[in-house]
Amino acid sequence: MTSCSKKESKTISDFNIEALEIKNQNHSWYYFTDQTYREIDKIQHVPLKKMEPWTESIRISSANNAADSDLEICKAYAVVNRLGILCFENDKISISLDKSIFDDRTAGNLIFLNNTPIFSIYKSAFFNDTITEDLYKSGKSDHLFLMQFDDKAKISYPIVNCASLIDEPNSEVVDFVWDGLNWLCCIKSITEERNIFSYLSWKPTVPLLSLSPANVRNNIVITESDVDSFRAAKEEISYKKAPERIRNMLTGFSDDLPFIMEVKSAGGSSNRIYSNTIPGSKEKALNSKAVLAQSWSCVLFEDGTLFMEGALPGKHILREGKAIAIRLPKLPAGFVYSDFVISNTTLYAAWEERNFYNTGRSGFLKVDLDKTLYSKLL
């Protein structure tokens, strides 16, 4: 979670990339309040908000598309830290709130299993005082960890909690990696003297979505792991090894721009991080997110430059398969685009106000790609 300004590093704009511009009639802005989201004419009019650590602030912490399907609407979802789950259905938006789960926990790590959204929650011991009170009061590890979002009922409920994995008291799962089969977890145990980190791997012996905290222990296999294995699973990989579809889409992209890219598969498991480092360069890397769907690929850089190739649901292939670039509306100084999803022909791009590890105002931009792309590129 770092801030990036033009004075500190180059941006894509420095390379004079030709791109389509988003017109006023093709987009709308939304921001988060303490209870929900609201539409507004421009970010500059969003009420000022106290800066808070990113683990504690209301913001889109994770987002992704469900897998492409034969359904009329290809859904996408976003985890809103401290609020709930956003569901995007083309141009329709809904939010499912649950204070009992989100109010004092950090939520993120959105993944999918059979197109069912799954995410994790925990309490940051560094910023959240309630974890210390809770843990020492109970002396147990019965805190929530892995959650499932039921899109029909619009509720979230637990699949696995911390006590399902570890007997050590005062412990929480603070991060994980899922490769589609195995779950590699980082566990933080709090003691009066110090914090202890441990690592384990587990996999279910029955369908994951049939699990609940009541039956987990009898239906998973747990294996000890170590910090090296966890770091290897989380390490940044050279951009030269990024998926071919991403590299082909960015063919001709300047090699002089350092960037970090989080690549997600629509409806898939944990993301992978790729980095383009410049030997000897002191430029700060530009953050970006990428989604690989069945019929399209897309990358969004934090300065608002978006690259796309393929065909959106129900539409023809753009520019005979050649990549196109779009410039999203320019954000005020101190703001960045942080994530995105696409549902049918509607793009939703998360934005937030950043200052190092703190986040202030936040929300998302809604863009009509049908008007932006297909009316122009026929």
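The values are calculated or read from the model by the stated rules, or taken from the named source; none is laboratory data. Nothing here was measured: the structure is a model prediction, and the numbers come from that model. Here Cβ is always computed from backbone atoms with ideal geometry, including for glycine, and neighbour counts include all displayed protein chains. Each accessible area value is taken on the protein alone, full model and side chains, heavy atoms only, with ligands, DNA and RNA left out. Shrake-Rupley method; radii C 1.70, N 1.55, O 1.52, S 1.80 Å.
Structural remarks
- Residue pairs meeting the criteria (Cβ under 9 Å; at least 6 apart or on separate chains; first touching a residue at least 60 places away in the same chain (Cβ under 8 Å) and hydroxyl-bearing (S, T, Y), in the stretch 102-120; second crowded, with 22+ Cβ neighbours inside 10 Å and in a loop (DSSP other than H, G, I, E, B)): T116/A66
- On inspection, D339 does not qualify as acidic (D, E), open to solvent by 10 Å² or more (accessible area, probe 1.4 Å) and not in a loop (DSSP other than H, G, I, E, B).
- Any hit, the stretch 45-65, residues being modelled with pLDDT under 95 and either at positive phi or among the aliphatic types (A, V, I, L, M) (or both): no
- Filter result for K289 (surrounded by 20 or more Cβ atoms within 10 Å (Cβ to Cβ), within 29 Å of L181 (Cα to Cα) and touching a residue at least 24 places away in the same chain (Cβ under 8 Å)): yes
- Screening the candidates K330, K371 for the property of being open to solvent by 10 Å² or more (accessible area, probe 1.4 Å), assigned to a loop (DSSP other than H, G, I, E, B) and not small (G, A, S) yields one hit, K330.
- Residue in the stretch 33-79 that is least open to solvent (accessible area, probe 1.4 Å), counting only those that are more than 21 Å from S120 (Cα to Cα), assigned to a strand (DSSP E or B) and not charged (D, E, K, R): I40
- Restricting S201, S210, S281, S189 to residues that are modelled with pLDDT of 95 or more and surrounded by 13 or more Cβ atoms within 10 Å (Cβ to Cβ) narrows the list to S201.
Conditions tested, residue by residue: (1) more than 18 Å from the chain's Cα centre (by Cα); (2) farther than 22 Å from M249 by Cβ; (3) hydrophobic (A, V, I, L, M, F, W, C).
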residue	(1), (2), (3)
R327	yes, no, no
K330	yes, yes, no
N344	yes, no, no
N358	no, yes, no
R361	no, yes, no
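- Test: L312 is assigned to a loop (DSSP other than H, G, I, E, B), open to solvent by less than 20 Å² (accessible area, probe 1.4 Å), at pLDDT 90 or above and not small (G, A, S): yes
- Cβ-Cβ contacts under 9 Å between residues 6 or more apart (or on different chains), taken from a first residue in the stretch 231-253 that is in a loop (DSSP other than H, G, I, E, B) to a second residue that is open to solvent by 100 Å² or more (accessible area, probe 1.4 Å), are listed as E236/T277.
- If only residues of the stretch 1-32 that are of a type in the set (G, A, S) and surrounded by 13 or more Cβ atoms within 10 Å (Cβ to Cβ) are counted, the one that is modelled with the lowest pLDDT is S3.
- Restricted to the stretch 240-265, and to residues there that are open to solvent by 20 Å² or more (accessible area, probe 1.4 Å) and of a type in the set (A, V, I, L, M, F, W, C), the residue that is farthest from the chain's Cα centre (by Cα) is F253.
- Of residues in the stretch 216-228 being of a type outside the set (V, I, T) and open to solvent by less than 50 Å² (accessible area, probe 1.4 Å), the one nearest to F149 (Cα to Cα): N219
- Options I260, I273; residue that is assigned to a strand (DSSP E or B) and within 21 Å of I324 (Cα to Cα): I260
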